[in-house]
Amino acid sequence: MILRTLLLASLSLATVAAAQEAPAPAPAANPAEVNARVNAALPEAEAAMKAHVMFLASDAMQGREAGSESYNVAAQYVASQYYAAGLRPAGDNGSYLQTVPLVSYKAADKGAFGWTPKRGEAASLTFGEDYLPGADPMRAETTVDAPVVFVGYGIDAPAFKRDDYAGVDVRGKVVAFFSGAPAGLPGEERAHFGNAANKAVTAQAKGAVGVITLESPSSAKVRPFSRLADTWDSARMTWAEKDGTGFFAAPKTPALGTLSMKGAEKLFAGARTSWASVVATAENPNAKFRAVELPGRLSVKLKTETKPVTSYNVAGLLPGSDPKLKDEVVVLTAHLDHVGVGKAKNGDTIYNGAMDNAVGIASLIEEAKRFKAAGAAPKRSVLFLAVTAEEKGLVGADYFAHYPTLPKANLVADVNLDMPIITYKFEDVVAFGADRTTLGQYVKNAAGKLNLEISPDPMPDQGFFVRSDHYRFVQQGIPSVFVWPGTKGPGKAAFEAFLSTHYHQPSDEVGQTPPIDWGSGVRFIEANYMIAREIADAPERPRWNKGDFFGTLYGGLGAK
């Protein structure tokens, strides 16, 4: 503990000294001048960025798992860097830290699932063969006894002329659906509709009392039921409501568990639609199913073990300079946590998380310093927010989005930094979500100053727009963008190499191969700085494009 304290102090003093040097000139609009200025500052900027990552991704940080002591040390480190960069505390009670109450929860036992057909005797389903129990963060014991309705993928999407609930009434019943979403939906919307929590919200709105996920032929190929059975009692995490219970987006419609294809077949026995025909239909990636009530009742009993955990978001504010715009806030986010200590790989058990996401946090810190070095403050205020528990399901960002430390109405945009892969000289940037709002033009303006192209989403089927912390701001109606180095030139190979070799592995550390290109990291910082600066200085606050799906769904400014 003393060693850590001394190390934090020495790093903080070094950063304070660097911050007291003369500010760099204001950014020029000419791309050649901008690149010349970036290149001139490279040695010092590279060293600063690498220093942050060396500390945050060191073995001493034990993988920065949310709620751990090592994560708390990392949070204090970021707070000290905010102080050195001249940011004002924007957490709780005049500090840089926002306390995030978390709940760790898991199934306390194997639960009990029973099926009573309309014609025949009640029978128990078999744990590990027919079913795996869910865990309910809101209740120690969960009991449901109700009819079951199969609703395909469980999607109701009028904008895409799809209603998997057509022709059935699910009030007071359990709905059963396949995981994921059909391939015919656009990538980002597909990821949204495929999200299990969003499906539960839809089911709750229609009066269901619980949801069951069914194994499908496609899910069996990716992650078979037998593999799910290996981790059935693993702990999950959410944030805590004021009464200490865990948050779930559909509190009246708990997630009861998963049925294997063998278990689902038992529920379909005697149904108007046979299980064999459902499985055959599911082989089509664009399948549409006819909703059907199954002939019987399902009884479920769950027990859930919960444990309170405390973690922290780290928030620092750079106040705006314009009297009319300074109350509006542009939020810059990056997640500070990683996955901690786990299964040994090549003798190493520490999942350091250098690229994911110590590089993102280093970029956030250095971007704050870049704003200060520019001399003139931005017109709008800028909030630098390092969030916890992203790896647990975007939990820290979701807590902040529900309980922001600044007035929610003042939050006008979010720019997210998550796992920028900087092992190559990037030639373009991808801005997930930029084409949904007026943020797109600001991104284009900023990229042009660095001679960078804006490339379209190279993997639309992956739905990255809904898979990182900015999505929690989208769900509050706030225009958001998630920026990555692009995949032109060597980018595609570099991205695929990282995912296949280092993603969520102990090898994601400072000395990984191929090596981190710190010069590209500095260029990435400059690109994000310029994007944030464009937004902060724009004459009008960002707006959703009229009719945009997410903007309309979540009541965003300009969408309707």
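The values are calculated or read from the model by the stated rules, or taken from the named source; none is laboratory data. Keep in mind that what you see is a predicted model, and the values were worked out from it rather than measured. Because the Cβ atoms are built from the backbone with ideal geometry, glycine has one as well, and the counts that use them run over all protein chains shown.
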Of all residues in the stretch 99-132 being surrounded by fewer than 21 Cβ atoms within 10 Å (Cβ to Cβ) and among the hydrophobic types (A, V, I, L, M, F, W, C), which is nearest to G263 (Cα to Cα)?
F127
For the stretch 431-460, pairs from a residue that is without any contact (Cβ under 8 Å) to a residue 40 or more places away in the chain to a residue that is in a loop (DSSP other than H, G, I, E, B), with Cβ under 6 Å and 6 or more apart or across chains, are S455/G486; P458/T487
Exactly one condition in (1) farther than 30 Å from P137 by Cβ; (2) not assigned by TED's automatic domain parsing to the domain that holds V149 is false for T273; which is it?
(2)
Residues that are assigned to a loop (DSSP other than H, G, I, E, B) and without any contact (Cβ under 8 Å) to a residue 40 or more places away in the chain, drawn from the stretch 149-181
K161, D169, V170, R171, G172, G180, A181
Considering every residue within the stretch 398-418, establish whether at least one is acidic (D, E), touching a Lys or Arg at 6+ places or on another chain (Cβ under 6 Å) and modelled with pLDDT of 95 or more.
yes
Taking V339 as the residue in question, decide whether it is within 21 Å of G511 (Cα to Cα) and in the same structural domain as A527 (by TED's automatic domain parsing).
yes
In the stretch 327-401, which strands (runs of 3 or more DSSP E) lie fully inside it and hold 3 or more residues that are touching a helix residue (DSSP H, G or I) at 6+ places or on another chain (Cβ under 9 Å), closer than 19 Å to N72 by Cα and not acidic (D, E)?
329-335, 381-387
Run E189 past the list (1) touching a residue at least 40 places away in the same chain (Cβ under 8 Å); (2) more than 22 Å from R297 (Cα to Cα); (3) of a type outside the set (S, T, Y); (4) touching a Gly at 6+ places or on another chain (Cβ under 6 Å) and report the number of the one that doesn't hold.
(4)
In the stretch 119-148, what count of residues is obtained for those that are within 16 Å of A264 (Cα to Cα), part of a loop (DSSP other than H, G, I, E, B) and either out of contact with any Ser or Thr (no Cβ under 8 Å at 6 or more places or on another chain) or hydrophobic (A, V, I, L, M, F, W, C) (or both)?
4
Filter the stretch 468-508 for residues that are charged (D, E, K, R) and in contact with a Phe, Trp or Tyr (Cβ under 9 Å, 6 or more places away or on another chain); which is surrounded by the fewest Cβ atoms within 10 Å (Cβ to Cβ)?
K488
Top-ranked residue of the stretch 290-326 - restricted to ones that are outside any strand (DSSP E or B) and among the basic types (K, R), ranked as nearest to L125 (Cα to Cα)
R290
What residue, among those in the stretch 284-337 that are more than 30 Å from G91 (Cβ to Cβ) and among the small types (G, A, S), is modelled with the lowest pLDDT?
A287
Pull up the stretch 91-111, narrow it to residues that are assigned to a loop (DSSP other than H, G, I, E, B) and among the small types (G, A, S), then point me to the one that is farthest from Y77 (Cα to Cα).
G111
For the stretch 219-269, give me the residue count where each residue is surrounded by fewer than 16 Cβ atoms within 10 Å (Cβ to Cβ), among the hydroxyl-bearing types (S, T, Y) and over 23 Å from the mean Cα position of the chain (by Cα).
1
